[in-house]
Every structure is written in structure tokens, then in C-alpha cells.
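One structure below.
The values are calculated or read from the model by the stated rules, or taken from the named source; none is laboratory data. Since the model is a prediction, treat every value here as computed from it, not as a measurement. Cβ sites come from the backbone with ideal geometry, for glycine too, and all protein chains shown count toward neighbours.
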Amino acid sequence: MILKALAFLAGILALQFCAELPAGHWYPLAALTALSAWYLPVLRLPALALSGFFWAAFHAQLHFDNRLDSALEGVNLLVEGKVGDIPVRLSDTDWRFLLVAEHIDTGAGWQPYGRRLRLGWYRTHERPRAGERWQLVVRLKHPHGYANPGGFDYERWLFQQRIAATGYVRNDGRNHRLAVGSRFSAGGLRTMLAARLDNMPRDSPGLSLVRALTIGDRSRVDAAQWAVLRNTGTSHLMAISGLHISLVAGLVFLLARFCWSRFGLFTETIPARRVAALLALLAALLYAALAGFSLPTQRAVIMIGVVMLALITGRHTRSLNVLCLAMLGVLAVDPLAVLSAGWWLSFSAVSLILYVGGGRIGRQPVWRRWGYVHLVLAVSLLPVLLVCFQQASLVAPVANLIAVPWVSLLAIPLALLGVLMLLVSEAAGSWLVGLASLLLDTLWPYLAWLGDTGVASWQQPQPPLWTVVPAAAGILLLFAPSGVPGRWAGLWLLLPMLSLRPSAPAPGEAVVTLLDVGQGLSTVVQTRNHTLVYDAGPRYSPTFDTGSSVLIPWLRSQGIRRIERMLVSHGDNDHIGGLQSVMDSVPVDRLSAGVPSAVNGFSVDACRQGERWLWDGVAFSVLHPPADHELIGNNASCVLRIESAGGHVALLTGDIEARVEGRLVAERAALSADVLVVPHHGSLTSSTSAFVDATGADTVLYPVGYRNRYHFPRPEIVERYQSAGARQYDSASHGAIRVTLPADGQAPPQATTWRCRAARYWRPAACL
């Protein structure tokens, strides 16, 4: 059973490394091959792998067939649908929610639609609620996210969630509520509970954690709380997943078996084990419904269903076989679950517990067994955590040793009982919820102290696959039974994964990376031993900016722990918005700005014309603004020239406009360049013909957002650079763009794009 499950999983995993889905004519041929091979025992495992590959491809193709038609992008559409989850409140007037669109009107009358849409609704006095049906005027676009090494793959997440399009609600008179949600539906029940939780006093930070643990609403957990949870390795406690649902099912199972064995009327004809298993499964379903039947809870219910079915039918089998059956059940229903980090963490954790617990730790005291299990999990989950998040908590065993039983055995039962009591007696329910909140408040100082120790987390670049496989083998060897020789040799197999670092540029070489930060700018310049960051991208809300979501993960993916110089071109939000997050997260030796007055709270000096310095054979010089200038806004942008030892030049221009371009051309500034980050994102206010001719760039880069409202780069500018013979890249289409300026003067600069290098079927390639 174990080998069969692993073969099926291997086939599904193989698809996840493909840049494209297989063509349709391969599906029947694969099905016939798999069926034929099944009758030959020696070919069963390859047949299962082939089946897994095409089963996942079939599910992926179904979703692609449901994605937004390109003709419907960026136009007003009238849709009818149901709010599928508790909306997230972004501000007093802003919301984000999931709409299951049932019908759409594109101008030719209503048509069935059946798509999941992720929408924002801004500057509205309406309040959407889970389970309600609405008619809305929306503007949609294809699922699109930032594409950078090390960053969160938003497009993969949208794909795994089966979201067909994203967009926003237009404030239109045709928007109106069609029906309120039934209070007896899952959505209506969750809405009612959310409203009653809102009525409780909010002076307790534990209340936001109670909402996450009971109704799956994590929007109230603030950034500071998430930082503590990440640093202590306890984030999993706030996501309703297999751990929580299994706990509730287990408690119900034990209680039901005890009560039925002693007080049941039909104990002789209906065994207590079967009754308890059935009630435990019902409890798991109820908890999953309370959490909105999210994909992790669906997987957990399937797993529990397999286990409870084995108990109901009286089948006695090995625990690992039951786990394999559960995994096969989950993958049969949703083969794309492997795209979720939660799936890997759940199955890896359970597998490891079974692996180390099979008769080897049962004779130890309870406290030693508990501590040993958490130590094993902390070490064993390193590969998964480093691949998915590029970081792992070093204090997780100590944190979880206390937090898991405290939350699972005390807080969750009280919180669940409390929210259910809110439906009957608001006073009694509030008292129980308050008690659960108090328990979490009591635990929090302990977690905050651990998370603030300074050595709480291990961070490193994402390890390549060839280091992960030996690391997994090393973990199995390390925690093998005591009779296995050479167990400590497993540590050596972990070393490549933990020690490998990306290669640095060669002496005299410069690497310029234009990051994909949407409609904004952030560029990183690397030499052999130094790093310069030019702008930090925009801030979109008090809780989200590209400094923390794009730039910091990218620096971590490259093994960069220090910024020798941070240069802010000027004071516009799309350039300076992420600065605070960068300064809070990474040591910065020197901060400069074209407009120092725009930078508050930090020691900053002025970026001024004539400044020069040399790093590792690479020359840097500032061409603008002059020392005595009185410029403001875009024209105050710092213009930076980078020249490798081979004489290859890159020019970073910020948002300078025609006025400054004309001055630089007139002064015969050193504008000739191989690589140009286009001024002002390709606006009509910049890139004059004289400036384009003076730079003569072979490679031009546009820092722009997907379907941005300014329509950058403007077609006229694109045509101007095209006529000059330049190769053109834009961050919206190509993702992060990396250009190497060689130290060898004979070798031309080389440009690569992330969407081409890391193409996947859910994130199509964009190559030139």
C-alpha cells in the first residue's frame, strides 16, 4: 500500500514541474496504457504514477477551462452569485471576499457561469455577509501575482483555490442584495457567530485567535501576532486543519465510546467503537462546516473519514496503511492539494509520528515521549519549511511543547463550546469564549518571549530539489530504530540542504535585478561582496507593502543578509512605500535619497550628482540631481549609473521626465548604456527621442503593474525603443528580470526572466 500511494503521489508531483499541461489527445492513450499495465504486477507502480500524472492534469485542465475569457478582462460585467466565505474587512469601507458567481450578463442576457471570483469592494457602505446572494457590477482580470524568486506564489495559490478571476466591485446603482443567507446554512451560521463575536469586548488579543480557531476567520490576527507565531513555529495552531479537526474527532470518539459502553441500550448489538466512530465523523463534519469547508478542512475530513470507516467496518490494518489510504483519498478528490504547503506539513508530520512511534517510544515516560515527538517534528519538517517558506523556527520544539496541549486540549474545546453556546445563550457563550480568550492571553507572553530571543528562526535561500531528497533520507536514517547502524550519518545528508548558497557575481561583474512589485519600482544591484537596493516598491495598505512581501523574501532567497546602500530615488509611494519594512528587517549601512525630506524616521543623506564609488571593480556614479537643485517630485529622482569592469553600463533613472532628460543630454552626461530601466515606467512624460538616442540601450526594462490604470508602458514609448533596436522587457509580463553585466568586455550582457526560468503550467512562460 505504501509503495502504491507513493507511486501515485510521484506522478502528481511530476506534473507540478511541467511548464505546460499535456495535450488532450494524450489522455485516452495514457488511460489505456495504465489499464493494460495494471495486469502486469511489475508495471503496476509505473501505471499508478502515470495515472497520478494524468489525473492531476485532468483536474488542472478543468480549472483552466473555467478561467476568465480574455475578452472579458477589464470590462464591466453584471454577475449574480453567493458570498462564499466570511468577508475580510480591510477598513471601515473596504472589503475583500469570495463570490461564487452563478450567472453573468456580458450584454447579451443572463448566462450560467459557475466561477469562483476573488473580489475587492472599496469605498462602500454595504456589508456583504457569508451566504448572501448579490447582484454586482464587477471588473475582472486573469489571476495574476508578483513573479519573483523566493516570494509567495499568488498565482499558484489562486489556482489551487480554483479561483477563476480576481477583480473589484464597481460602485454602481445595479449593485444590490438579492437574498440574505439562511441562518441554518453553514454560511448563515458562521455569519451569525461572527456578528456575536464582534459584540464582545475587543480589549483581549486572544479574541482574534478564538475567531481563527473556531470559525476560520484569521483576518483579525494582526501582523505582530503573526510574527510571533512564525518565529515560534506555532502558526499551524491558528489554521483549522487536520490537527484541530482530528483533536475534536478524537475527543468525541473517546467520550462517545465511554458513554455508550456504560449507558448505551444496544451495546451488545451495536459496538461502542462503531457508534463512537460515527459520532466522531459527524463532529469533524460540523467543525469543518463551522470553518467554511476550506480545502484544508476538506482534506482533514477525508482523512478522518478513512480512519473512522476502518473502525466502523471492523477492519484491522497498520496505521501507515490507513494513512496511505487517507492520502490516496485526498489526492483522488483533489490532486492539486500537493500545491499547498499545509498538505505537506500535515502528511509529513503524521507520517513521522507514526515512523518514530511504532513501538519505540511507548515505554518512555509521557513527558519524554511528548518532548521527543516535538524534537523529531522540528528536525524532520525542516525540508518542507525551507522549501515552502525559506525559514524554520529553532524554538518550535520548546514552543509547541507547551502551546499544542494548551491550545488543543484547553482553548479549542472551550472556544468551540463557547461559540456554539452563543447560538443558545449569548451570556453563557460569551463567558466561555472569554475564558478561552483568557487562556490564549496567558499563553501569549511565553510565545512572545520565545519569539524575541534573537535566535528564534533559521532563514536561508530555498534549497534545490537535489539537496532535499538526500535530506529526507538523512532524516529517516537519523530517527531510525536504535538497532540500525550509522544513524548519526543522517546528519551529513542534511548538510547540503543547510549549507548551500547561491553563487555571488564574479569580481568586476554586476548583476542588476528588476523585481516585479506591480506598479512601482524596486531594483537590486549585486557585486561580488556588496548589495545596493534602488527603491523599495509601493505600500498598498497599512498591512501590505512590497518591501516585506517581495524585496525581503528575494534578498533571503539570494542569501543576502545586509544592504550596504539603500537608495530611494524620490518620495512617491510606488518607490518609497516598502522602505519601512526593509529598514526594520535588514541591516542597512547607508541610506540615501533624492528627496531626503521624504524619508522620515531614519538617518538619511542626499543623493547628489558627482558622487562616485567603486565596489569589487564595479563603478557607481550619480548623474542627477545637482547639489543646488530645487526640484521636487519625479524630476528630483536620483539617476544612478553602474559600470562593470568590462565597460558594460546599466542606468537607473527613477521617474525623471523630459525636462531632466533634456538637461542630461545637453550636458553630455554619460548616458550611453547597455541596459536602461526606463524613466517613469514608460510614461509619455519621459523617454524623449533625444534621450533614447543618447542612451542607445540594447536592453530596456519597464517596471509596470499588470493591467495598470495608467496603461504603462505607453504604445508610443514602446514603438520609440523598438525603432531604436532595443529588446524590451516588462515586469508585469516577465516577472523579475535579471541582467548580468560581465567583467569581460567581449561578452554581452545577459538577461533572464523569472517567468521563463520558473515556468509552470499555472504560471505560463514569458520568454524572449
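Observations
- Verdict on R123 being out of contact with any Cys (no Cβ under 8 Å at 6 or more places or on another chain) and either touching a residue at least 40 places away in the same chain (Cβ under 8 Å) or closer than 15 Å to W95 by Cα (or both): yes
Listed here are the residues, each with its yes/no results for (1) in a helix (DSSP H, G or I); (2) more than 27 Å from the chain's Cα centre (by Cα); (3) without any contact (Cβ under 8 Å) to a residue 60 or more places away in the chain; (4) surrounded by 19 or more Cβ atoms within 10 Å (Cβ to Cβ).
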{"position": "V373", "(1), (2), (3), (4)": "yes, yes, yes, yes"}
{"position": "P383", "(1), (2), (3), (4)": "yes, no, no, yes"}
{"position": "A411", "(1), (2), (3), (4)": "yes, yes, no, yes"}
{"position": "A427", "(1), (2), (3), (4)": "yes, yes, yes, no"}
{"position": "D441", "(1), (2), (3), (4)": "yes, yes, no, no"}
{"position": "W449", "(1), (2), (3), (4)": "yes, no, yes, no"}
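- Residues of the stretch 1-52 satisfying the condition of being of a type in the set (V, I, T), over 24 Å from A758 (Cα atoms) and in contact (Cβ under 8 Å) with a residue 12 or more places away in the chain: I2, T33
- As for the stretch 119-140, it holds at least one residue that is buried (at least 18 other Cβ atoms within 10 Å of the Cβ), among the small types (G, A, S) and over 21 Å from E73 (Cβ atoms).
- Restricted to helices (runs of 4 or more DSSP H) entirely inside the stretch 150-215, those with at least 3 residues that are touching a Ser or Thr at 6+ places or on another chain (Cβ under 9 Å), over 30 Å from Q460 (Cβ atoms) and not assigned by TED's automatic domain parsing to the domain that holds E80 are 186-198, 206-214.
- Considering the stretch 226-241, the residues that are touching a residue at least 60 places away in the same chain (Cβ under 8 Å) and assigned to a helix (DSSP H, G or I) include one that is farthest from V424 (Cα to Cα), namely N231.
- Hey, T688 modelled with pLDDT of 95 or more, outside the structural domain of D153 (by TED's automatic domain parsing) and within 22 Å of T527 (Cβ to Cβ) or not: no
- The single residue among L614, L623 that is assigned to a strand (DSSP E or B) and either touching a residue at least 24 places away in the same chain (Cβ under 8 Å) or buried (at least 19 other Cβ atoms within 10 Å of the Cβ) (or both) turns out to be L623.
- Counting only strands (runs of 3 or more DSSP E) wholly contained in the stretch 515-609, the ones carrying 2 or more residues that are assigned by TED's automatic domain parsing to the domain that holds L623, polar (S, T, N, Q) and crowded, with 18+ Cβ neighbours inside 10 Å occupy 523-526.
- For first residues located in the stretch 336-355 and buried (at least 19 other Cβ atoms within 10 Å of the Cβ) and part of a helix (DSSP H, G or I), partners that are at pLDDT 80 or above and hydroxyl-bearing (S, T, Y) and lie 6+ apart or on another chain with Cβ distances below 7 Å form the pairs L352/S380.
- Residues (farther than 23 Å from G518 by Cβ, touching a residue at least 40 places away in the same chain (Cβ under 8 Å) and surrounded by 19 or more Cβ atoms within 10 Å (Cβ to Cβ)) located in the stretch 687-699: T695, A697
- Some residue of the stretch 73-83 being surrounded by fewer than 16 Cβ atoms within 10 Å (Cβ to Cβ) and either among the aliphatic types (A, V, I, L, M) or assigned to a loop (DSSP other than H, G, I, E, B) (or both): yes
- Set side by side, the residues R738, R757 differ, and just one is crowded, with 17+ Cβ neighbours inside 10 Å and closer than 18 Å to V511 by Cβ, which is R738.
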